Amino acid sequence: MKRRSVTMTDGLTADKVTRSDGCPTSTSLPHPRESIRSCALSMDQIPDLHSPMSPISESPSSPAYSTVTRVHAAPAAPSATVLPASPVTRRSSEPQLCPGSAPKPPGELDKGPHASPSHTLCKASPSPSLSSYSDPDSGHYCQLQPPVRGSREWAAAEASSRQAKSYGERLKELSENGAPDGDWGRAFTVPIIEATSSFNPATFQSQLIPKDNRPLEVGLLRKVKELLAEVDARTLAQHVTKVDCLVARILGVTKEMQTLMGVRWGMELLTLPHGRQLRLDLLERFHTMSIMLAVDILGCTGSAEERAALLHKTIQLAAELRGTMGNMFSFAAVMGALDMAQIARLEQTWMTLRQRHTEGAILYEKKLKPFLKSLNEGKEGPPLSNTTFPHVLPLITLLECDTTPAEGPEPWGSTEHGVEVVLAHLEAARMVAHHGGLYHTNAEVKLQGFQARPELLEVFSTEFQMRLLWGSQGACSSQARRYEKFDKVLTALSHKLEPAVRSSEL
């Protein structure tokens, strides 16, 4: 019986070949570890392994699938690409590094005199599985080389490093090293803190109002009433939304305006400290719009049927702003006018509304008022896909509580869950700031193909309303003084329409 044992120092395999003469069923007994080590052959001592055992280049016809490893003697010619044999036996779990070399054609893989499995891994393989891990720009996949500047790996690493940096880290890098190359390395511009209002009634150029006018001129009020009566409620809602989006910087925002604001949209600006003037302008527009609509109703000195018809159209305007246009800002302003104490006390007018315009009265009592209450309490809101101007009045009132005119209790002051209401509006402010671009897109879609009338746009502009209500001189006075005086005017107009019933007459 003749035995020969070959143990490869590569560690990939250790085959014991047993040849039996006349004893085909004989088996080999295990040898002691010392005898195996003494009989182990170095890889440099093996001239050629004709069938490499690399799992990458296996094929069904390869001798690697055989249980017998054949060793053929060949002239030991030195090769320039073969590493010297290590005196320490390397285990199979230990990686092996090889120097960078150009890939060879598939036919030259086994031509080397020392084509061992370990050396085969360091060369280019014709296998598609190996080719998928290699890159033509950076060489073989197992070569530990840094990516070359300008290659795909370098560009990917740069992009990932930019995304990983926070905004603060990028600003710090800009201040220390200057603006690097790239789209995110632009110089930072300090936002402008606005100190004056965007409304300037003194310099307002109007086609309807003369240069010097008195408060509540009869001819001007009649002209405004005629303009509002010529079109339907939807057309009025479109004009109102157009002006609202321009004032709130949802539409008409240029690159220069974005640079001065420091943000892209006005909905984000009004949540920031330097957006205080925008918040004050929106409060001014909200109250001025409500007062003008109240004057339009109380200025109707005709019969109760005429006032009921005007109430019905105002309710339709509120419904169009809520549903069709998604403008919660002016919807709240119109509802604020209808809910004023001077209008709510007109019992004959509301009674006529319920009799002549029953559907309008039901819409107001059963849908619009509960919806506004839910908005003020932070419980319900319109879908984002249909919103052009979100309900930001409670948020503005919270942020500017010192300058907000006191027209009634706040929505969070008349409920048992006041803290929850405040937190809900503060949480909604994050969504408002985040979706400024969505409001811009929705407004463009809603107003697509809209042909505005210049005189109606002027009627719904804040400067026009201020000149109409307080005159050319009173429009420039303080806000608190203007509102206080006009509250008395509305009360007088309401009592003129429907005098209060004295207790002695009951």
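The values are calculated or read from the model by the stated rules, or taken from the named source; none is laboratory data. The structure presented is a predicted model; accordingly, all values stated were derived computationally and were not measured. Because the Cβ atoms are built from the backbone with ideal geometry, glycine has one as well, and the counts that use them run over all protein chains shown.
Side notes on the structure shown:
Residue by residue, here is whether (1) under 18 Å from Leu251 (Cβ atoms); (2) surrounded by 12 or more Cβ atoms within 10 Å (Cβ to Cβ); (3) in contact with a Pro (Cβ under 6 Å, 6 or more places away or on another chain) holds:
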residue	(1), (2), (3)
Asn442	yes, yes, no
Phe450	yes, no, no
Glu455	no, yes, no
Phe460	yes, yes, no
Met466	no, yes, yes
Cys476	no, yes, no
Arg481	no, no, no
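- Taken over region 246-267, the criterion of being out of contact with any Lys or Arg (no Cβ under 9 Å at 6 or more places or on another chain) and buried (at least 18 other Cβ atoms within 10 Å of the Cβ) is satisfied by Arg249, Ile250, Val263.
- Options Leu310, Leu270, Leu298, Leu317: the member that is closer than 22 Å to Ala428 by Cβ and either of a type in the set (A, V, I, L, M) or surrounded by 20 or more Cβ atoms within 10 Å (Cβ to Cβ) (or both): Leu270
- The single residue among Pro394, Pro383, Pro390 that is crowded, with 19+ Cβ neighbours inside 10 Å and at pLDDT below 95 turns out to be Pro394.
- Count - residues of region 236-291 that are within 18 Å of His435 (Cα to Cα), small (Gly, Ala, Ser) and in contact (Cβ under 8 Å) with a residue 60 or more places away in the chain: 3
- The residue that is modelled with the lowest pLDDT, counting only those in region 486-503 that are in a helix (DSSP H, G or I) and among the small types (Gly, Ala, Ser), is Ser503.
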